[in-house]
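Asks: Would you mind keeping the following structure in view while I ask a few things?
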Amino acid sequence: MPKENNKTKKPERKESDSEQGYEDKLREYNTKYTIYIKNKEHNLKCKYENMFNQRNRLAHNTLSYQQNLPTLTKLVNETQESRNYFIWFGLLTLIDNIFIELYRHYQEGLEEELNY
């Protein structure tokens, strides 16, 4: 995946540039900028989908763990940190709070666009 910080700079008009030459530079810039924006949106979408899938895995694991919940002593002594119920629950809460905050920003943006 392309890096997000490789945005192209808008060309500046130089005295030696002809009108057509400058228009060609602008056209090339606009093409590169469009590709940059599409890649950035694609990367953001991929990151969102990965986080959402991980959230669902954690929720499933946390829920299925409740059926056969080990004692607190066993959980404290768990050697594999990634299997710890409390870590799963904490991450699940964190991810849910992130999604709630993102949705709040999205909703505020829509309300501003619609001039509520």
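All of the numbers you see were taken from the coordinates with simple rules; none came from a lab. These figures come from a predicted structure and were not determined experimentally. Ideal geometry is used to build each Cβ from the backbone, glycine not excepted, and the neighbour counts take in all protein chains shown.
Asks: Quick one: putting +1 on the C-beta of Lys and Arg, -1 on the C-beta of Asp and Glu, what dipole do you get for the range 19-113 around its Cα centre, in Debye to the nearest 20?
Replies: The dipole of the range 19-113 has a size of about 620 debye.
Asks: Among Leu92, Tyr103, Thr34, whose Cα lies farthest out toward the positive end of the dipole of the range 19-113, if unit charges sit on the beta carbon of Lys, Arg (+1) and Asp, Glu (-1)?
Replies: Leu92
Asks: Shifting gears a bit: Take the range 19-113, drop everything but the C-alpha atoms, weight them equally and run the Debye formula without solvent; then report log10 I(q)/I(0) at 0.15, 0.23 Å⁻¹ to two decimals.
Replies: For the requested q values the scattering log ratios are -0.79, -1.14.
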